[in-house]
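The values are calculated or read from the model by the stated rules, or taken from the named source; none is laboratory data. Just so it is clear, the structure is predicted and the values come from calculations on it, not from any experiment. Reconstructed Cβ throughout: ideal geometry from the backbone, glycine too, with neighbour counts over all protein chains shown.
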Amino acid sequence: MVVPVRERALSYAILTAMAVLVLIPVLAGSLTAFKPQIIWISSPPVWFFEPTLENFEFVLITRQNWLHLRNSLIISIGSVVIALVLGVPAAYGFARFRFRGSKGLMQWLISLRMIPPIVVGLPFYAMFLFLERATGLGLRDTHFGLILTYQTFLLPLVIWMMRGYFVELPAAMEESAMVEGYTRIGALRRVVLPVVWPGIVATALLNFIFAWNEFFLALILAGNNTSTLPMAAGTYVVRARVEWGNLFAVNLIIMMPVIVLTIFLRQQLVKGLTFGILE
Amino acid sequence: MKPDVATQPGGQSLSRRVYSLTQRHRHWFFIGPALLILLTVVIYPIVFSTGVSLFRVTFASTSRPFVGLQNFERMLGNDDFLQSAYNTLYYVVFSVSGSFLLGFGAALLIRRISRGRNILRLVLIIPITMAPIVVGLMWNWMLDPLFGLINWFLGLLGIPGQTLLAQASTARLMVVLVDIWQWYPLVFLIIEAGMATLPRAPYESARLEGVSSWMIFRRITLPLLRPVILVALLLRTVDAFRTFDIVRVMTDGGPALTTETLSLYLYRTAFTFNKLSRAAAGSILMLLVIGLISAMMFRFLYKDIEVG
């Protein structure tokens, strides 16, 4: 496309302004995480200083936020693993078999994306509570309880994303393997899985981000044993006036893995965020 | 489905019949477990919630009298509920339209430049991947009346420090602006991905015929992008409707309920005021409304693209 010079210059100016407005709060905030306590609140802000890691040490060890980090890891990884174990076969089923209602079921899966978390979070809390009172079986404040509830948003997404990868593969692949004597499961394991492996990894990482950032369900359902990093960050809002450095240290711990993953996942990101509806 | 050889009528052995039965239903072997879990973690809670909303249930008491639709009536007659419903509508209207216009604009602009596209995309992805709670906390700091960058900047311009999050007149707008800051890049990414797949032929012939660029945009780009636009609007609408995280950490609904969203209000009704049934009734109302809205948008969407 041939673009007049003036139009292009204007485009550059506006887009650069947008990028700057995105970067300033993120960078300036992150910088605070490395500031020694005496300059946390200095205004005008101090831009040049000797960076320190003491804020990270303080939140992780003294405030014991490493426990939240551990809980976040257990819950995020656990819920992604479960979502994959259930979702990948289901995606394969949807991609390969046409049956009555298959289209409707897929649409139903998208519609789950519309459900506000309060709609499931509220009954989950009550169900866990009543279950515990009735049977003594405690799902409240357990990692497994949260992993289970996270399936409400992870599982439909895994199925939709993985279905896209399976549909791209020619069905002849496993059929020829089955002619050679493999069972369908054998053909799946030996022939199909190695090919869709990159897709599984991308799906897993993207779903990890969603589980990692989740706040609402954790707020309702997690307790002392399971509270996650976003919840830990939330506690600093009360102390925030005086603890900017600590707050941004926690924020940065939450952001770091996601930013690293995003660099590898840029292509898949849109697909994941839109359920791959646009494929 | 193609009929299996084994399903042909006439003398079949039992094992053949069992085989054909499993063949015909083999998709359930793959789909069944996932479906079962989804029924347990999504459908059952909703049914449970609907049940709870018809009784008077609290976390403490053991008697649970049936009250019919009383909880729904109380909810709809409650000023705070209506106020938070109004606020939620405000969020949906302004956050969706704001992020849509900015994101769409950015997507149009990025097609006019060549160098720096990738780095720009990478920068704009950052807010999307941040946890909303982190975004909220970060902007708390930016907007802090004493130490925030915004007020420092306003100070340079000679404007005295503002407590933007503590004033009823500005708090709601601030929260919406922060929401737009986080999510207009999503619209940008979706629209840009859609634009990359547009066919070239109609543009070339239109240009040959000397059609103005505004008409090209209206008559070619917009209609071709319709499904992409709908997806972006749908996602933004359902997300704005459920807003909780950033409000929770930025204003917690205040001042004077001006920023309270439905999610926040129902959370408080259940867990602060221990009115489980009433909150359940409210959440069912919420589900009905967003269900209706997204069903209408889906309808438009499915006219355009083949799903499933």
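Structure notes:
Quick grid of which residues meet (1) charged (D, E, K, R); (2) within 29 Å of A:Phe128 (Cα to Cα); (3) away from chain A (no Cβ under 14 Å); (4) over 26 Å from the mean Cα position of the chain (by Cα):
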site: B:His27; (1), (2), (3), (4): no, no, no, yes
site: B:Leu38; (1), (2), (3), (4): no, yes, no, no
site: B:Pro65; (1), (2), (3), (4): no, yes, yes, yes
site: B:Ser95; (1), (2), (3), (4): no, no, yes, no
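- Restricting the range A:6-40 to residues that are part of a helix (DSSP H, G or I) and of a type in the set (D, E, K, R) leaves a set whose member that is farthest from B:Gly105 (Cα to Cα) is A:Arg6.
- Helices (runs of 4 or more DSSP H) completely within the range B:62-143 that count 2 or more residues being closer than 23 Å to B:Leu235 by Cβ and either of a type outside the set (Val, Ile, Thr) or in the same structural domain as B:Phe217 (by TED's automatic domain parsing) (or both): B:79-110, B:117-129, B:132-142
- Some residue of the range A:95-102 being at the interface with another protein chain (Cβ under 9 Å from one of its Cβ atoms), in a helix (DSSP H, G or I) and farther than 30 Å from B:Gly148 by Cα: yes
- The one condition in (1) surrounded by 18 or more Cβ atoms within 10 Å (Cβ to Cβ); (2) touching a residue at least 60 places away in the same chain (Cβ under 8 Å) that A:Gly223 fails to fulfil: (1)
- Within the range B:160-203, being farther than 25 Å from B:Arg242 by Cβ, part of a helix (DSSP H, G or I) and free of Cβ contacts under 8 Å to residues at least 60 places away in the same chain holds for B:Ala196, B:Ala201, B:Pro202, B:Tyr203.
- Subset of the range B:245-287 [closer than 16 Å to B:Ala168 by Cα, in contact with an Asp or Glu (Cβ under 8 Å, 6 or more places away or on another chain) and either facing chain A (nearest Cβ under 10 Å) or in a helix (DSSP H, G or I) (or both)]: B:Val247
- Options B:Asp252, B:Asp245; residue that is closer than 16 Å to B:Thr88 by Cβ, under 22 Å from the mean Cα position of the chain (by Cα), of a type in the set (Asp, Glu) and surrounded by fewer than 21 Cβ atoms within 10 Å (Cβ to Cβ): B:Asp252
The rows are residues; the columns are (1) modelled with pLDDT under 85; (2) closer than 26 Å to B:Thr221 by Cβ.
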position: B:Asn151; (1), (2): yes, no
position: B:Ala168; (1), (2): yes, no
position: B:Arg172; (1), (2): no, no
position: B:Ile180; (1), (2): no, yes
position: B:Trp183; (1), (2): no, yes
position: B:Val187; (1), (2): no, yes
position: B:Glu192; (1), (2): no, yes
position: B:Ala196; (1), (2): no, yes
position: B:Pro199; (1), (2): no, yes
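- Summed over the range A:105-153, the residues that are charged (D, E, K, R), surrounded by 18 or more Cβ atoms within 10 Å (Cβ to Cβ) and either over 17 Å from the mean Cα position of the chain (by Cα) or within 20 Å of B:Tyr267 (Cβ to Cβ) (or both) give a count of 1.
- B:Arg112 over 17 Å from the mean Cα position of the chain (by Cα), facing chain A (nearest Cβ under 7 Å), surrounded by fewer than 23 Cβ atoms within 10 Å (Cβ to Cβ) and farther than 22 Å from A:Ser30 by Cβ: yes
- Per the listing B:Ser53, B:Ser61, the residue uniquely at pLDDT below 95 and surrounded by 14 or more Cβ atoms within 10 Å (Cβ to Cβ) is B:Ser53.
- Count - residues of the range A:37-90 that are more than 30 Å from A:Ile159 (Cβ to Cβ) and among the small types (Gly, Ala, Ser): 2
- Failed item, numbered, when A:Leu27 is tested on (1) more than 7 Å from every other protein chain (Cβ to nearest Cβ); (2) farther than 27 Å from B:Arg207 by Cα; (3) modelled with pLDDT under 90: (3)
- Selection over the range B:206-236 of residues that are surrounded by fewer than 20 Cβ atoms within 10 Å (Cβ to Cβ) and either closer than 30 Å to A:Leu229 by Cα or of a type in the set (Gly, Ala, Ser) (or both) gives a count of 4.
- Number of the exception - A:Ser111 against (1) facing chain B (nearest Cβ under 10 Å); (2) in contact (Cβ under 8 Å) with a residue 24 or more places away in the chain; (3) not hydrophobic (A, V, I, L, M, F, W, C): (2)
- Looking only at the range B:147-162, residues that are within 18 Å of A:Tyr236 (Cβ to Cβ) and either more than 7 Å from chain A (Cβ to nearest Cβ) or among the basic types (Lys, Arg) (or both) come to 1 in all.
Per-residue answers, yes or no, for (1) in contact with a helix residue (DSSP H, G or I) (Cβ under 6 Å, 6 or more places away or on another chain); (2) hydroxyl-bearing (Ser, Thr, Tyr):
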{"site": "A:Thr16", "(1), (2)": "no, yes"}
{"site": "A:Pro25", "(1), (2)": "yes, no"}
{"site": "A:Trp40", "(1), (2)": "yes, no"}
{"site": "A:Ser43", "(1), (2)": "yes, yes"}
{"site": "A:Glu50", "(1), (2)": "no, no"}
{"site": "A:Ala95", "(1), (2)": "yes, no"}
{"site": "A:Arg98", "(1), (2)": "no, no"}
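- Any hit, the range B:73-96, residues being modelled with pLDDT under 90 and of a type in the set (Phe, Trp, Tyr): no
- Helices (runs of 4 or more DSSP H) fully within the range A:211-279 counting 2 or more residues that are under 25 Å from B:Val238 (Cα atoms), modelled with pLDDT of 80 or more and within 7 Å of another protein chain (Cβ to nearest Cβ): A:229-239, A:244-273
- Among the residues making up the range B:73-93, a single one is surrounded by fewer than 18 Cβ atoms within 10 Å (Cβ to Cβ) and aromatic (Phe, Trp, Tyr): B:Tyr86.
- Residue match in the range A:13-24 (condition: surrounded by 16 or more Cβ atoms within 10 Å (Cβ to Cβ) and within 22 Å of the chain's Cα centre (by Cα)): yes
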